[in-house]
Amino acid sequence: MLSILTSNSAGEYVTKPGIYRIIGVFPIRSKTEDRINTDAVIWSEYFKHSIDKINKDLGEDFFGYQIFDSGHNQPSPELTSIAVKILLGGSDGVLFTDTDQCQCVDQNVALYKTLGIIGPRSSSNAVFLNSLLSYENLTVVSYAATSIDLIPTESFYRTVPNDFKQATFIKDVLLEFEWTYVITVGSDDVYGRSGIAILEDVFKSNNICLNMKLIFDVDKVQTMENTVLQINEQNSSKVVVIWAEPLIVSSWISKYHAHRELIHTIVLRIHL
């Protein structure tokens with residue numbers, strides 16, 4: 001993991017050879033926060049430990065791995081590069097000689113020996129990566145992508161419930177405290193848009209009034225600040241439900257706290 005942690009850019013990877021390979025994709029270096037995502041480091045270490053334990057029990061390095069850093073929680077050039085490396089069988093899929101002549105190795109063998117991809121974490125990246133890899137019948141198993149836009153198929157699985165469960169829980173919390181006049185704030189990506197749409201349906205069927213629906217661009221700080229100011233301009237709703245990836249939520253809340261002398265609102269952030 002040291003090569004990834006000391007790198008200045010996402011898309012880096014560590015690898016261990018084996019007869020078959022399993023690929024892990026984790027958001028280790030956060031583009032939005034310019035720091036290491038310690039949770040992702042822990043997840044990747046669990047991934048390595050599990051494979052090493054199986055190999056130890058088998059008495060040989062039967063399973064190899066490649067761990068890629070997807071960086072940002074949104075589709076990016078780094079994620080496209082990761083997909084290409086996977087399809088080409090890793091970093092050695094294409095070799096260049098001194099004469100710049102391309103020598104392609106047998107990529108079909110590398111793909112055949114690839115059992116699947118663990119990750120990515122975010123729904124946006126999972127939709128993007130699965131769309132690129134599904135035609136090669138490479139199985140993607142996400143440990144955290146919850147968007148309802150991701151439908152389990154023969155090439156995609158997830159180990160967590162979809163967003164409807166989270167929306168139902170949010171509804172139960174609101175009803176428990178009799179908060180029935182709320183504002184929703186969502187990120188302008190696969191996860192945020194689908195989550196806000198689910199909330200609208202759940203609120204409508206449970207007599208929770210949606211006073212305002214706001215969407216912000218995760219790559220533009222000003223749009224994030226604008227949603228905070230728009231909330232400040234109204235004084236009827238006292239509860240805000242924000243639906244976005246955890247790191248993005250943290251950034252939004254920091255903007256919210258910068259204006260806390262202006263706003264007297266309960267911010268509800270629930271991430272299951």
Can you tell me which residue within the range 6-58, out of those that are farther than 17 Å from residue 116 by Cβ, assigned to a loop (DSSP other than H, G, I, E, B) and among the aliphatic types (A, V, I, L, M), is modelled with the highest pLDDT? 28
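Here's the yes/no breakdown for (1) aliphatic (A, V, I, L, M); (2) at pLDDT 80 or above; (3) over 16 Å from the mean Cα position of the chain (by Cα):
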{"position": "71", "(1), (2), (3)": "no, no, no"}
{"position": "98", "(1), (2), (3)": "no, no, yes"}
{"position": "103", "(1), (2), (3)": "no, no, yes"}
{"position": "107", "(1), (2), (3)": "no, no, yes"}
{"position": "148", "(1), (2), (3)": "yes, yes, no"}
Select the strands (runs of 3 or more DSSP E) contained entirely in the range 122-215, then report the ones holding at least 1 residues which are assigned by TED's automatic domain parsing to the domain that holds residue 227 and in contact (Cβ under 8 Å) with a residue 60 or more places away in the chain. 181-187
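The values are calculated or read from the model by the stated rules, or taken from the named source; none is laboratory data. Keep in mind that what you see is a predicted model, and the values were worked out from it rather than measured. Here the Cβ is made from the backbone with ideal geometry for all residues, glycine too, and neighbour counts use every protein chain on show.
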